[in-house]
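The values are calculated or read from the model by the stated rules, or taken from the named source; none is laboratory data. Owing to the predicted nature of the structure, the values given are computational and were not obtained by experimental measurement. Quick reminder, even Gly has a Cβ in these numbers, built from the backbone with ideal geometry, and neighbours come from all protein chains shown.
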């Protein structure tokens, strides 16, 4: 006699759980073998209607759930070791589950992060996917938010604001009206919203050279404020130095969105880190070899106030909000 | 500028996160230090209206969320090392959160299992609490579901059926009508439903003597079937040997509930294990020293069919269902 959740697990997820520590999903627990590395642990949940849209394809939902966690591991300098998946489902829809498992399987292979176990439960509410991801770092070498020092360069990977404007487009915001006929620009932004690009290749570079790091998930301004608060410092950021993609730059130049929508929007899943001046050349070289663009956007300064964003003339820009908040 | 979830974390959960690996909940990730032990990982989620009732007190919900995971760690022979907490909340109700955090803090101290991190998100749906728990075992020593051998004794800890009948009482089932005026019996059953008792003290005894083990969460009959299937064996269980508390025995003898409600009810969070005959005396002695009652309920036999439950005359009892199913 096989229950519904057992059937879901064996049909869709057992084929993905090939790591020996997963025991083929036939046990109550998984094992990470002792091998002298510290285990870095992160968990992030995504909720339908909050972190993703009911209209998002199932395979993109699976990939987003995993990738937002892989982004954290990368920021901490960790190499993926595996993950647990908790699925809260209203119903067991075979088409949705098959697409979800296919997307997940592709990312498991892409990022070398095996499925180790999980839990599948029913809920009368919205879909929720919670992933707990494990990574390994040499003992004592996790990159912390703590550690930014006065004079360090403030650096981000990739470009900022794309995902927030992709969501703005999908939900019929100003970006939709402005980009309605520019399909390639719209598609680029939507792709960034649906498919975060965890900077896994940057992990060792961060371990070797960064004084502090985190990923940008809730908004650059708010996340930088958290890093600075833990490190006991402040920062000055040149807003014109924040790296933007072509579609975001166009929307900004046309006045469709303001800088706040970009630096407080969230869902970027880029790396935010601080790098001592003496380490910058080595950091930039190693990042280039890892295939990741990195940009200096400002400097760590003394103080306990939130980071200052300034324009080209050095004038402070007041941000009404700095990040996404759930409550 | 502090967001709502940051405020929840710092008010209610930061005081509970005293382990150095939690970094005071100021980082994106936690660390389990390398110390030569394997890390056993388990995750179980509980959903309002499915695994607990909206009327259950917040402190009991917190304790249940943690304890169902500690129960798994105990069954795997692992010593708790810490846990992550994912909370999906409709609203940030200070009274509910304070009671939740108080209950959680008491269990953190009771079981020596520190809070390492987590995620707090908003949901328009029911409350959901997902816990991922970590335990340590000597390298290669996790107790598996796999390993039961023909002739091994089938053993359970404590008593079976209490929690299922506690839920039956709370939801106005037959137990409510029968026990309406027997308040101490009703309270005992409800307590078992709301406060699982993880058998953490039995972990080493299981590592030392059991051939296979799991905890009983979905129902004794169904869970034993899973253990047998993975081990490639079957079992014969004497239904009269299944240990019952006084209130459950009364309800059974009065014909208020049938044996199926007891062996398929679930939420027991007792240990189900198999013990080779030669190890039984040592197992019973160590369990006694651990303060846990253990009872032999049957024997592992050859075969691939689901376990047979028989009455005192050896007649097979047909179970229409063997466990709780979500779908």
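When the residues of the stretch A:40-57 are filtered to those that are assigned to a loop (DSSP other than H, G, I, E, B) and in contact with a helix residue (DSSP H, G or I) (Cβ under 8 Å, 6 or more places away or on another chain), the one that is farthest from residue A:168 (Cα to Cα) is A:57. For the stretch B:138-166, the tally of residues that are in a strand (DSSP E or B) and either more than 23 Å from residue B:288 (Cα to Cα) or within 14 Å of chain A (Cβ to nearest Cβ) (or both) stands at 1. Test residue B:283 against the criterion of being more than 14 Å from chain A (Cβ to nearest Cβ), in contact with a strand residue (DSSP E or B) (Cβ under 8 Å, 6 or more places away or on another chain) and surrounded by 18 or more Cβ atoms within 10 Å (Cβ to Cβ), and give yes or no. Yes: the conditions hold for residue B:283. Only one of the listed residues (B:34, B:88) is over 17 Å from the mean Cα position of the chain (by Cα) and in contact (Cβ under 8 Å) with a residue 24 or more places away in the chain. That residue is B:88.
Residues considered: A:65, A:54, A:29. Of these, the only one that is facing another protein chain (nearest Cβ under 10 Å) and either closer than 25 Å to residue A:190 by Cβ or buried (at least 23 other Cβ atoms within 10 Å of the Cβ) (or both) is A:29.
Kindly indicate whether residue B:197 is assigned to a loop (DSSP other than H, G, I, E, B) and either over 17 Å from residue B:154 (Cβ atoms) or within 14 Å of another protein chain (Cβ to nearest Cβ) (or both).
Numbers: assigned to a loop (DSSP other than H, G, I, E, B): yes; either over 17 Å from residue B:154 (Cβ atoms) or within 14 Å of another protein chain (Cβ to nearest Cβ) (or both): yes.
Taking the combined requirement at face value, the residue satisfies it.
In summary, residue A:172 fulfils each of the numbered conditions (1) in a loop (DSSP other than H, G, I, E, B); (2) modelled with pLDDT under 95; (3) in contact with a strand residue (DSSP E or B) (Cβ under 8 Å, 6 or more places away or on another chain) with the single exception of condition (3).
In the set (1) surrounded by fewer than 24 Cβ atoms within 10 Å (Cβ to Cβ); (2) at positive phi; (3) in contact with a helix residue (DSSP H, G or I) (Cβ under 8 Å, 6 or more places away or on another chain); (4) modelled with pLDDT under 95, residue A:92 fails one condition alone, (2).
Based on what the data block shows, is residue B:221 farther than 19 Å from residue A:29 by Cα, in contact (Cβ under 8 Å) with a residue 24 or more places away in the chain and within 14 Å of another protein chain (Cβ to nearest Cβ)? So residue B:221 fits the description; yes.
Go over the candidates A:35, A:72, A:19 one by one and state the one that is at pLDDT below 90, within 13 Å of chain B (Cβ to nearest Cβ) and more than 17 Å from residue A:128 (Cα to Cα).
Values: A:72 fails: at pLDDT below 90; A:19 fails: at pLDDT below 90.
Exactly one of A:35, A:72, A:19 is at pLDDT below 90, within 13 Å of chain B (Cβ to nearest Cβ) and more than 17 Å from residue A:128 (Cα to Cα), namely A:35.
Here residue B:130 meets each of (1) buried (at least 24 other Cβ atoms within 10 Å of the Cβ); (2) more than 14 Å from chain A (Cβ to nearest Cβ); (3) within 29 Å of residue A:41 (Cα to Cα) with one exception, condition (2). For the residues B:263, B:278, B:250, B:310, the requirement of being surrounded by fewer than 22 Cβ atoms within 10 Å (Cβ to Cβ) and in contact with a strand residue (DSSP E or B) (Cβ under 9 Å, 6 or more places away or on another chain) singles out B:310. In the set (1) away from every other protein chain (no Cβ under 14 Å); (2) in a strand (DSSP E or B), residue A:108 fails one condition alone, (2). Determine whether residue B:311 is in contact (Cβ under 8 Å) with a residue 60 or more places away in the chain and within 30 Å of residue B:46 (Cβ to Cβ). Here the answer is no, as residue B:311 does not meet what is asked.
Only one of the numbered conditions (1) out of contact with any strand residue (DSSP E or B) (no Cβ under 7 Å at 6 or more places or on another chain); (2) farther than 20 Å from residue B:206 by Cβ is violated by residue B:236, and that is (1). Among the residues of the stretch A:297-312, write down those that are over 26 Å from the mean Cα position of the chain (by Cα) and closer than 10 Å to residue A:224 by Cβ. Within the stretch A:297-312, none qualify.
Filter the stretch B:299-327 for residues that are under 20 Å from residue B:215 (Cα atoms) and at pLDDT 90 or above; which is farthest from the other protein chains (Cβ to nearest Cβ)? The extreme case among them is B:299.
In the stretch A:248-259 there is at least one residue that is touching a helix residue (DSSP H, G or I) at 6+ places or on another chain (Cβ under 7 Å), under 17 Å from residue A:192 (Cα atoms) and modelled with pLDDT of 95 or more. Within the stretch A:111-126, being surrounded by fewer than 24 Cβ atoms within 10 Å (Cβ to Cβ) and more than 9 Å from chain B (Cβ to nearest Cβ) holds for A:111, A:112, A:114.
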